[in-house]
Amino acid sequence: MDTLKVLTRIVLPTFGKGVIIRRPAVEGLAERFNLDLTAVRLMQQLRQKHGPAPLLLKIPFRPQLLLLDPRDVELVLSQSPEPFSPATKEKRAALNHLEPGNVLISNPPRRAQTRPYHEAALATSERHHPLACRFQTVIDEEIERITSTHERQELNWPLFATAWFKIVRRLVLGDSAREDKGLTDLLNHLRGRSNWAFFLRKDAKLLKEFRRIVQKYVDRSEAGSLVGFGSKDHLVDLPSQIAQWLFAFDPAGMATFRTLALLATYPEHLAAAQAEASSREIERPLTRACFLEALRLWPTTPAILRETTTEIAAAKVEAGTGLIIFTPFFHRDDANLKCAHRMEPSIWIDGNDALPLNGFIPFSAGPAICPAHNLVPLVATMAIGAVLARASIKLTSPRMDASALPGTLNHFTLKFDAQRSPSPAARTPKALQRPY
Ligand code: HEM
């Protein structure tokens, strides 16, 4: 019965919302029926009933261990790719539609080849990517375009997304990709197929076309773009790696937009973020912490999956068993967290972006941690700052209670009243004032 409950109340809604690309209608339903917090409640009941040890779900042909204790989360993530491999059957089936050679679904020897490509191009260990100066220019230009048309206007997802995906294409592929909306549409189509994983045949023709276009930008290798900054190691199957960058900037945009909603809900943090936006400093710790809070409260990767590569005799776990880390449970566990349902930027203010022992893992943790875990908060804080420097914002939909934030926040339907600031401060942060 418990396995059935997990399948219907956790697995089904998570996959229904779309793991690779969100389905707006299901996201709307999840918000309306509070499905994410219902899933957290079920996890809490399971922990109470069975204890905090990993719970084996006896799903026919695909047993899965459900992790219930942050200490196990830390242990499993720190031991990737062996014995806990990120390349699970489910992920391979999904990502095969879009990026068959991606690091995420690679075996250990292949991972050892592909992971360094991402770490170098995305400057994983650097707080500020070497191209930060150029990022700021691009972000300022695109946000200026959407905020300068009217003195007062509605800022909604379709408007924000127009700017966001131009930013993404320019940062990843270069300025010549700015208007290539066709590529984003093609990517989204393939992501839509990825959502169906095993249940849909691969569209080899469309995938070939997508890879051809990405390769064209790789060959162009524009200065100031991430593809230009990365190495040209064709052994790593560049289109497969770059597909992940293009796709993963979509959740980064959702979380950026949700951060604006959070800030608009907490006036004291909004004022502090506005001050950071006008301070001309590249390091904006409060804005960054609020962005990480948006990812904690509404994780864009709700399920981090692993698969055992060997038998773990001590735990009676067979090789090939799946492991599920359902992040909303750890991020919103109000049995253990006072701040479960409100924003608490102080969690992140000392500069961390992964606290696995506390169960806070928006970018995962360990050797397979998202290699953009520094890049994404940088780009997001720049975009948030660019909006706040140009407009004062008020959240008009939905209404949010600062002491009891909703389990799901549908980014597609967020709306702000944006009033152009009297003297729009199109400021370039101090540390960035050097010619690109
Ligand atoms: C809100 C934005 C993002 C979040 C929350 C996020 C989170 C994650 C998570 C949880 C993983 C899985 C790690 C694991 O299995 O342990 C991951 C993997 C990855 N992410 Fe991100 N990511 C984001 C954006 C990006 C962006 C923009 C890029 C590239 C520009 C990127 C590149 C990657 C890559 C290449 C991997 C595979 C890493 C590996 O398997 O070694 N991510 N990300």
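The values are calculated or read from the model by the stated rules, or taken from the named source; none is laboratory data. All figures in this text were calculated on a predicted structure; none of them were measured in a lab. For neighbour counting, all protein chains shown are included, and Cβ atoms are generated from backbone atoms with ideal geometry for every residue, glycine included. Please note that ligands, DNA and RNA were not included when accessible areas were found on the heavy atoms of the full protein model with its side chains. Shrake-Rupley method; radii C 1.70, N 1.55, O 1.52, S 1.80 Å.
Look through region 26-43, keep the residues that are within 29 Å of Gly320 (Cβ to Cβ) and over 21 Å from the mean Cα position of the chain (by Cα), and return whichever of them is surrounded by the fewest Cβ atoms within 10 Å (Cβ to Cβ).
Leu42
Regarding region 221-231, can at least one residue be identified that is modelled with pLDDT of 95 or more, closer than 24 Å to Phe416 by Cβ and among the aliphatic types (A, V, I, L, M)?
Within region 221-231 (the criterion being modelled with pLDDT of 95 or more, closer than 24 Å to Phe416 by Cβ and among the aliphatic types (A, V, I, L, M)), the answer is no, since none of the residues qualifies.
Is there a residue in region 102-112 that is open to solvent by 20 Å² or more (accessible area, probe 1.4 Å), in contact (Cβ under 8 Å) with a residue 40 or more places away in the chain, farther than 27 Å from Glu318 by Cβ and in a helix (DSSP H, G or I)?
no
Find the residue count for region 348-364, including only residues that are over 19 Å from Ile304 (Cβ atoms) and either of a type in the set (Phe, Trp, Tyr) or in a helix (DSSP H, G or I) (or both).
Here the count works out to 0.
Scan region 81-101 and give yes if some residue there is within 16 Å of the ligand (Cβ to nearest atom) and free of Cβ contacts under 8 Å to residues at least 24 places away in the same chain, otherwise no.
yes
To keep it simple, each residue is scored yes or no on (1) more than 17 Å from the chain's Cα centre (by Cα); (2) crowded, with 21+ Cβ neighbours inside 10 Å; (3) modelled with pLDDT of 95 or more; (4) away from the ligand (no atom under 16 Å from the Cβ).
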site	(1), (2), (3), (4)
Ala335	yes, no, yes, yes
Cys339	yes, no, yes, yes
Ile347	yes, no, yes, no
Gly359	no, yes, yes, no
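Among the residues of region 40-47, is any touching a Pro at 6+ places or on another chain (Cβ under 6 Å) and over 18 Å from Ser364 (Cβ atoms)?
Yes: region 40-47 contains one or more residues that are touching a Pro at 6+ places or on another chain (Cβ under 6 Å) and over 18 Å from Ser364 (Cβ atoms).
Quick one: is His150 farther than 23 Å from Leu206 by Cα, open to solvent by 20 Å² or more (accessible area, probe 1.4 Å) and in contact with a helix residue (DSSP H, G or I) (Cβ under 7 Å, 6 or more places away or on another chain)?
The answer is no for His150.
Out of the residues in region 370-395 meeting the condition of being more than 16 Å from the ligand (Cβ to nearest atom) and in a helix (DSSP H, G or I), tell me which one is surrounded by the most Cβ atoms within 10 Å (Cβ to Cβ).
Ranking the qualifying residues of region 370-395, first place goes to Gly385.
Counting only residues that are of a type in the set (Asp, Glu) and more than 15 Å from the ligand (Cβ to nearest atom), give me the helices (runs of 4 or more DSSP H) lying completely in region 114-202 with at least 2 of them. Lay out the reasoning, then the answer.
Details: elements: 132-147, 157-172, 181-194.
In region 114-202, the matching helices (runs of 4 or more DSSP H) lie at 132-147.
Based on what the data block shows, is Ala275 among the small types (Gly, Ala, Ser), surrounded by 23 or more Cβ atoms within 10 Å (Cβ to Cβ) and not in a strand (DSSP E or B)?
When the stated conditions are applied, Ala275 does not pass them.
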